[in-house]
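Every number in this text was worked out from the coordinates using simple rules, so none of it is lab data. Worth saying up front: this structure is predicted, and the values here are computed from it rather than measured. Note: ideal-geometry Cβ built from the backbone for every residue, glycine included; neighbour counts use all protein chains shown.
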């Protein structure tokens, strides 16, 4: 079976959800092979179909920004001749993919939400209002896939993947940007926004940064992550790192609760694939209600406390 390279994104040795999504897609294209920079739980990768793991554990690669990873991948693609390469459509992933495409003189498709068996990528454009089918016309399918695009599904059967260590051969041009310091972001008790199964988001209707405590309180009650609309982050109600939308993060939880969010197309592009959407807004004509599975027209400062009381009773 043809080999498909999947570049793994991981935190603390655990592959991120998007990497499991990539492996799920890769199984349609051929036999997935995971490319790991550093140390990752290979058993987890095997569970989702990785038949081989290429490990690049070289201090020289981690010492410099992005360029060395693209170089190593180019060497790997040239040597292994895979049928496709899948990379997460994150800030780093897209830069790696762009550099890799140049090195291979290969076509590139970014921000795909799915990839078919023949390498055709599905993309959503204009804030999700138009669906496009695209295919690379030069080289192999080289595609970056947006996080939360598909549901990661374990393989029907898994075996311990074959392991191979990849040596990095870097050029001087790969060493122009040096990493001088790494600072680990402080993690709270809430789940990661893009990985959470429940997300509670607040919008302009929350009114202030102080009032956002109500959003946080409901999120904590549900064991959810906190999100925010662009209007809320631009107004200074909540940090931009929690923005959900076309220019923020894409989420696809089992439950998405939108509080005081009008539902502008920019925001909808980042959450419209959520399995169940609940909206609370005082404007009955708000666009969010066109998308919501359940909607409450009312003052969120009256509705949400009542909802939380009911949730506590059922716990």
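Going by C-beta contacts inside 10 Å, put 309, 57, 172 in order with the fewest on the left.
172, 309, 57
To the nearest 10 degrees, how steeply does helix 91-104 sit against the main Cα axis of the chain, on a 0 to 90 scale?
For helix 91-104, the angle is close to 30 degrees.
Using alpha-carbon pairs under 8 Å, 6+ residues apart, how would you state the relative contact order of region 219-315 in percent?
RCO, region 219-315: 20 percent.
Determine the shape class of region 3-175: with a ≥ b ≥ c the square roots of the Cα gyration tensor eigenvalues, call it rounded for a/c under 1.5, and otherwise prolate if a/b is greater than b/c, oblate otherwise.
Oblate, because a/c is 1.5 or more while a/b does not exceed b/c.
At a Förster distance of 22 Å, what's the computed FRET efficiency of residue 111 paired with residue 209, Cβ-Cβ distance as r, to 0.05?
0.10
Computed over the Cα atoms of region 1-63, what is the convex hull's projected area averaged over all directions, in nm²?
4.0
What do you get for the angle between helix 67-80 and the principal long axis of the chain? Use alpha-carbon atoms, 0 to 90 degrees, nearest ten.
It works out to around 60 degrees.
With axes computed from alpha carbons, what is the tilt in degrees of helix 212-222 against the longest principal axis of the chain, rounded to the nearest 10 within 0 to 90?
On a 0 to 90 degree scale, this one is about 70.
Rg and Dmax of region 198-313 over Cα atoms: what are they, in angstrom?
Cα only, region 198-313: 12.4, 38 Å (Rg, Dmax).
Could you list 277, 198 in order of exposure, starting from the residue whose Cβ has the fewest other Cβ atoms within 10 Å?
Arranged by neighbour count, lowest to highest, 277, 198 become 198, 277.
Between residue 11 and residue 47, what length in nm is gained on full extension when 0.36 nm per residue of separation is reduced by their alpha carbon distance?
Contour length minus Cα-Cα distance gives 11.2 nm.
Using the alpha-carbon centroid of each, what span in Å lies between region 1-29 and region 258-289?
31
For each of 303, 77, 6, 125, count neighbouring Cβ atoms within 10 Å of the residue's Cβ, then give the residues from fewest to most.
Final ranking by Cβ density, sparse to dense: 125, 303, 77, 6.
Residues in region 104-125, backbone N under 13 Å from the label point at residue 131 (7 Å along the Cα-to-beta-carbon vector): list them, ranges by number please.
113-116, 121-125
So if I take the centroid of the Cα atoms in region 191-250 and the same for region 82-158, what is the distance between those two points in Å?
28
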